[in-house]
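Just so it is clear, none of the values below were taken in a lab; they were calculated from the coordinates. Just so it is clear, the model here is predicted, and its values are computed rather than measured. Counting neighbours? That spans all protein chains shown, and the Cβs are built from the backbone with ideal geometry, glycine included.
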Amino acid sequence: MPDVDPGSNGDLRHTRRVRPVPAGRAARAHGGHVDPARRGRAVVTLAVVSASTGAFLLLWSSIAGLLRHLAGVPVPALFVLVVLGAFAGVWVGAWLACRLTGGDRRRFIASGIGGSVGLVAAVGAAFASTRILPAVLPLLAILCPGAGAVLGARAGERERRTAP
């Protein structure tokens, strides 16, 4: 059991000195130490962006249904409203994920762009699910914005590490 610093507010990371391990996949494959907090960033980003996008989709779908019922707004206009609400959900989720994982502006922007690309893929997967494989693709469509945000955030981190 590692020694825990009483002033660390319960941080259970190792406090003893470990030998430096070069970064990269090869180091991790040969037993290198990876910080658990860094490993969990992808899970947090995936979960938060997917949940935020889903919540905004539910909210704006409900508002669209209300507008359709009360005012008779045409369906294409309501579709645009719902998709714009979903994009807002992606960016709110990217912002929240960056706040939760200690990210910076570059990670936020990369997560938002990746999540937006994932949302476009999700709309395509949802459309395809009405034609083929209706049981499998809705799950994929739900996770696409989060997966895109994770990929974007990792690319943003890599860019930040290599920038001068």
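Quick notes on this structure:
- The order of the peptides 44-51, 79-86, 66-73 by mean Cβ neighbours within 10 Å, most packed first, is 44-51, 79-86, 66-73.
- A simple rule links phi to the HN-Hα coupling: the Karplus curve 6.51 cos²θ - 1.76 cosθ + 1.60 with θ = phi - 60°, which for segment 142-156 gives 5, 8, 4, x, x, 5, x, 5, 4, 4, x, 5, 5, 5, x Hz, with x for Gly and Pro.
- In nm, spacing of pseudo-spin labels at Ala126 and Arg158 (7 Å Cα→C-beta vector): 2.9 nm
- The residues packed around Trp95, meaning those with a beta-carbon under 14 Å from its beta-carbon, carry a net charge of +3 if Lys and Arg are +1 and Asp and Glu are -1.
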